[in-house]
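In what follows, a single structure is set out as structure tokens and then discussed.
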Amino acid sequence: MGPLQADIGVERGADLIRHAVDMGVFFFDTAELYGTYGHLRKAMQGMARESVVIASRCYAYTYDGMRRSLERALTELGTDYIDIFGLHEQESRLTLRGHADAIQCLLDAKQEGLIRATCVSTHTVEVVRAVSGMREIDVVHPIFNKRGIGIIDGSPAEMADAIQADDRRGVGVYSMKPLGGGHLFREAPEAIRWVMGHDSVHSMAIGAKSCDELDADIAIASGVEVPSEVLRYLAGEKHLLIEEWCSKCGACVESCSHGALKLGAGRAEVDANKCVLCGYCVAYCRDFCIKVV
């Protein structure tokens, strides 16, 4: 719902979050990059803090950088603690080792009661496997869907095995992109239920930009049949738009871990088969010419 994607604004976003709570949803995923702290803060006004669970992440790799990101999250969310906080989009075991100081900050913050669990998010099987041997990490947030869309280094079966190993070690697992960034919208019931069929996945983050979309997701997860015409209406067609004023600086290409972007003759170009519509590249465009629409 944030500015990288639907950009629905704080008021509408807060209304959507409150509707989710009314429908029984209590776990909300955000991140420093997403720009949605204000949406959650507005939504939580008048709620008991312990009635919701909030997960967030940042790209900080130093102790002080992590501390600043955590303090920013606490301030902008208007809360004394964050349930799950950690490292965003980790790419390898080497990346995890290079973030040792940031992880130490997380452990100290946990001791202070500022966070309740540490986490990492990732699009790689390698990081999920590495987490099973890291006592410092409590929760992992991997990309996981039935076609393996967005998994950088393996298959759905390999990711499932890595997730299962983390679960056996007692790591909390909540997955992302069950619909593969929109590629599986037209088979949403099967895609969502496929993820839910894996007992090692304890929760699942699904993006929603309207109450109708949220209600359909909840119905599917609850085993209720959603009419096909409703799913077709909600699915629409999402894609990455690159405006004609693109200056070909290459920042978006360098930022894309999926290799979905390249520099073309007149502007950056996207390979729709590789793009998972995460919107991360939007944050790297200095000229604001990339949007998920």
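Values quoted throughout were computed directly from the atomic coordinates according to the rules given, and no laboratory measurement underlies them. Quick caveat, the model's predicted, so the values are computed rather than measured. Quick reminder, even Gly has a Cβ in these numbers, built from the backbone with ideal geometry, and neighbours come from all protein chains shown.
Determine the shape class of the range 10-235: with a ≥ b ≥ c the square roots of the Cα gyration tensor eigenvalues, call it rounded for a/c under 1.5, and otherwise prolate if a/b is greater than b/c, oblate otherwise.
Values: a/c = 2.03, a/b = 1.18, b/c = 1.72.
Judged from the Cα gyration tensor, the range 10-235 comes out oblate (a/c at least 1.5, b/c at or above a/b).
Can you put LYS177, LYS209 in order, fewest other beta carbons within 10 Å first? Could the numbers behind the result be given before it?
Numbers: LYS177 26, LYS209 16.
Going from least to most buried by this count: LYS209, LYS177.
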Top positive-direction residue, dipole computed over the chain with Cβ charges, set ILE17, VAL52, VAL292: VAL292
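For each of ARG18, ARG135, count neighbouring Cβ atoms within 10 Å of the residue's Cβ, then give the residues from fewest to most. Intermediate values should be presented prior to the final figure.
On the way: ARG18 16, ARG135 10.
With the fewest neighbours first, ARG18, ARG135 line up as ARG135, ARG18.
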If you take every residue apart from ASP161 with its C-beta less than 14 Å away from the C-beta of ASP161, what net charge results, scoring Lys and Arg +1 and Asp and Glu -1? -3
What does the helix-only formula give at 222 nm for the chain: each DSSP H stretch with n ≥ 4 adding -39500 (n - 2.57), the total divided by the residues, and the result rounded to the nearest 500 deg cm²/dmol? -11000 deg cm²/dmol
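Let me know the Kirkwood hydrodynamic radius for the range 240-292, please, with Cα pairs as the basis and the value in Å to one decimal.
Numbers: mean 1/r = 0.0937 Å⁻¹.
About 10.7 Å, per the Kirkwood formula over Cα pairs.
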The range 93-157 and the range 1-74: distance between their alpha carbon centers, rounded to Å: 19 Å
The range 222-293: chymotrypsin sites (Phe, Trp or Tyr not before Pro) in DSSP coil with no more than 16 other Cβ atoms inside 10 Å: TRP245, PHE288
Zone of GLN45's modelled label, taken as backbone nitrogen in the range 57-95 under 14 Å from a point 7 Å along Cα→Cβ: 77-78
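Give me the percent of DSSP beta bridges within the chain that run antiparallel, rounded to the nearest 5.
Values: 6 of 29 bridges.
Antiparallel bridges make up about 20 percent of those DSSP assigns within the chain.
Averaged over every viewing direction, what's the projected area of the C-alpha convex hull for the range 31-118? Give it in nm², one decimal, please. Can you show the working numbers first?
Working: hull surface 21.2 nm².
Over every viewing direction, the Cα hull of the range 31-118 projects on average to 5.3 nm².
Among the GluC sites (Glu not before Pro) within the range 219-277, which fall in a DSSP loop and have no more than 11 other Cβ atoms within 10 Å of their own Cβ? Before the final figure, lay out the partial values.
On the way: sites: GLU225, GLU229, GLU237, GLU243, GLU244, GLU254, GLU269; in loops: GLU225, GLU237, GLU243, GLU244.
Counting only loop positions with at most 11 other Cβ atoms within 10 Å, the GluC sites (Glu not before Pro) in the range 219-277 are GLU225, GLU237, GLU244.
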